[in-house]
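Bear in mind that the values in this text are calculations on the coordinates, not laboratory data. Nothing here was measured: the structure is a model prediction, and the numbers come from that model. Please note: Cβ atoms are built from the backbone with ideal geometry, for glycine as well, and neighbour counts cover all protein chains shown.
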Amino acid sequence: MKIRFIVVWMCSLFPYLSFAQEDTIQLRDELNFIFHLGENKQIDDLEFYSNQILNDTIFYSQDFRDSVAFASGTLFYDFKNSIKARHYLDQVSMNSVFKIPAAYTSGLLEMDEHKYDLAYQKIYDAPEAESGILFELRIFELAGLSLLQKDYEQFDLLATGFFPEDSTIRTELKYLSDYSYLLQNMKKKSGFVAGALSAIIPGLGKVYTGLPSQALASFLKVVPLGIITAENYLNGGFKNVQFYIFGSLFSLFYIGGIWGSTISAQIIYQEKVDEIQHNIRVGLHVPVDRIFH
Amino acid sequence: MRYSIISGWACMFLLTVFSTKAFTQTLESANSLFAIQQFDQASLMYERAIYERPGDPLFQATTLLSKTKCLKAQQKFEQIGSLLSRIELSVLSDSLKQEIYFQKALGYYLSDNFELAEKNILPSFNLESFHTNTQLNSVLLYTLILDELGKWNQAHLVMSDYIQNNRLFTTENKLVLKQTLDSIYEPSLQPKLRSIKKAKTLSLIFPGLGQAYNEDYKKGILNLLLTGGSATFGVYNVLQANYITAATAGVYLFLYFYLGGANQSSYNVPTKNYIKKRKYNDQLKSEMIYFSSFISNIHLSNQP
């Protein structure tokens, strides 16, 4: 009976007596508290507390701080606070088990802000897996980021002959290949032709670049001004002040229309590229969110 | 068997002691940190105390109210409402509910969210324990909220009712307070807020009239000159036989200034109204705070 009593007694006090256990219990408790702050959206407290732990390198072990950095980074990711999420995720050390999800999440947050080089570097520097889903994910993400950097050679190098076993990565990779083909074969409309067409008939250059409503607006501005200028010239000749006023306005809108048509060719091309790049970015998030979050 | 039961109870007792000690110490520590103005750390410790004592709504409510003080000291007023919304009200006493409603409404009021402030102060008046003799702060806050919403007559009525129904005041007190309040809320002093619709209609009837109604005379004259000038331009071109110019440029310019002037007069109304309201409410706020301290003094002198 006495032995049973001592066992029960020791078991109840074990967490307070054992140093190794204390570390584990403390870690679990601190993490639970961090999640409590997150659940209750106490963002200022969460930031303050995480910083306290992360800055205390004497009392808290590296593993402990890595866990806190990852937990805080993930919570800020959920709060859609990209800057703070990256700040914490980047503090996870290289040897931590959380380094891979932290690096991928932080990398994709950089990608969302169009910092493709930095995103590529973060994912490239993350610990490598030799096989399995993490290996497939790494190749897929690096291929997608190469595409965003318009490095088609690198994309082909990574994607050609790569057949992922994971169905999500396989599907998304197929989309990436389609986008790569689109980006490489998309034809840019000639700015010179667009400008020349607008010089012949105001607005025609905009029709050529695929902007019919803007073409109509340009036509309705320039042509009436031309007619008014002509009418004032016919009724008063060069002595008519209104001829100069409307003539200047006509010239301004006519030349503006030609210039607008020239640059709209470039803008339309860039808009199409932006749309494809947006789709690529969304696609790169899909497997990471599925695997890590 | 008996020993094991005893030992089990002993363990539970010790664990209870340990856990009780933990949250009590945390709360004491939070209070000490607040006293020395370490508001960030105090706020975190209050949250820690709540975390260490789950399932106790009363403790949670009182601790969150303490945390509210940290937020107020840090001027994070916009966080107070969401913080206090975590409290489970159904199990709390009326006096605590009263305090929570008041602090929530105050948080919204201080963060300029007056609609939510009104929504949160109103339930406190429906509490059974609500006594007009003691709840001056709630009544004052409600009147200040109504002032900000431009409901000055309602604010006047709320404070008048409070004075009228307060048993601690003598008839003479009530008369003096009522007269003072009437002078504060004198209708002739209230700003005359303009109507957007009326300003626009007036500008459509006669260009510049909407701006004049909004006391924006310079813009009114400018609008009248521009609209008149564009009409003259159209007529002049008809007389010069420039019919196309008159029909296109003349009509376009006239419509541009005529309709643009009407729209412009309506855009300026809210800005002008806000300036008038702000000026009046700032004056009103200081007068009402002074008035409430006057009421408090009467309360104190009349208390048995």
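Estimated from helical segments only, the mean residue ellipticity of chain A at 222 nm is -27000 deg cm²/dmol, where each DSSP H run of four or more residues counts as -39500 (n - 2.57).
Across the options A:Ser61, A:Ala103, A:Asn32, the greatest Cα extent toward the positive end of the charge dipole of region A:14-124 (unit charges at beta carbon of Lys, Arg, Asp, Glu) belongs to A:Ala103.
Relative contact order for region A:73-159 using alpha-carbon pairs under 8 Å, separation at least 6, rounded to a whole percent?
RCO, region A:73-159: 18 percent.
Just round it to a whole percent: the fraction of Cα-Cα distances in region A:109-176 exceeding 16 Å. When every Cα pair of region A:109-176 is considered, 45 percent fall beyond 16 Å. Between region B:253-300 and region A:174-229, the C-alpha centres lie 50 angstrom from each other.
Which longest uninterrupted range of chain B lacks any GluC sites (Glu not before Pro) assigned by DSSP to a loop state (not H, G, I, E or B) and surrounded by at most 15 other Cβ atoms within 10 Å?
By the stated rule (loop sites, at most 15 other Cβ atoms within 10 Å), B:216-304.
Secondary-structure-derived ellipticity at 222 nm for chain B, considering helices only, amounts to -25500 deg cm²/dmol, per-run term -39500 (n - 2.57) for DSSP H runs with n ≥ 4. Radius of gyration (Cα atoms) of region A:231-288, expressed as a multiple of 2.2 N^0.38 Å: 2.25. Once you sort the root eigenvalues of the Cα gyration tensor of region B:62-118 as a ≥ b ≥ c, which label holds: rounded (a/c under 1.5), prolate (a/b larger than b/c) or oblate (the other case)? Judged from the Cα gyration tensor, region B:62-118 comes out oblate (a/c at least 1.5, b/c at or above a/b).
Seen against the Cα atoms of chain B and their longest principal axis, helix B:152-165 is set at about 40 degrees. For region B:99-159, the Kirkwood hydrodynamic radius comes to 11.4 Å, computed from all pairs of different C-alpha atoms. Using the alpha-carbon atoms, what tilt in degrees (0 to 90, nearest 10) does helix B:136-148 show relative to the longest principal axis of chain B? Approximately 20 degrees, to the nearest 10.
What percent do you get for the relative contact order of chain B when only Cα pairs under 8 Å and 6+ apart count?
11 percent
Computed with the Debye formula from one identical point scatterer per Cα of the protein assembly as shown, without solvent, the log10 of I(q)/I(0) at q = 0.05, 0.06, 0.07, 0.11 Å⁻¹ comes to -0.47, -0.66, -0.84, -1.13.
Bridgeable lysines around A:Lys221 (alpha carbons under 24 Å apart, same-chain partners fewer than 8 residues away excluded): A:Lys206. Pairs exceeding a 18 Å alpha-carbon distance, out of A:Lys80/B:Lys104; B:Lys192/B:Lys272; B:Lys76/B:Lys97: A:Lys80/B:Lys104; B:Lys76/B:Lys97.
Relative to the longest principal axis of the Cα atoms of chain B, helix B:94-110 runs at roughly 40 degrees. Look at the stretch B:237-249: the mean tally of other chain Cβ atoms within 10 Å of its residues' Cβ atoms is 5. Region B:216-231 and region A:91-107 have their alpha-carbon centroids 65 Å apart.
Shape summary: region B:52-147 maps onto an equivalent ellipsoid whose semi-axes, from the alpha-carbon gyration tensor, are 21, 18, 10 Å in decreasing order. With semi-axes defined as the square roots of five times the eigenvalues of the C-alpha gyration tensor, the equivalent ellipsoid of chain A measures 64, 25, 13 Å, largest first.
Let me check I've understood the local charge: for B:Lys151, count other residues with C-beta under 12 angstrom from its C-beta, Lys and Arg +1, Asp and Glu -1. What total comes out? For residues surrounding B:Lys151, the net value is -3. In region B:190-304 the Cα-Cα distances spread across 10 Å bins starting at 0 as 14, 27, 20, 14, 10, 7, 4, 3, 1, 0 percent of all pairs.
Across all directions, the shadow cast by the convex hull of region A:193-277 built on its C-alpha atoms averages 5.5 square nanometres. Going through the DSSP H helices of chain A, which span 15 Å or more along their own axis at the Cα atoms while scoring at least -0.5 as a mean Kyte-Doolittle hydropathy? Membrane-span-like by this rule: A:2-17, A:19-39, A:43-55, A:62-78, A:99-112, A:132-148, A:212-236, A:241-292. What the Kirkwood sum gives for chain B is a hydrodynamic radius of 24.6 Å, with every pair of different alpha carbons counted.
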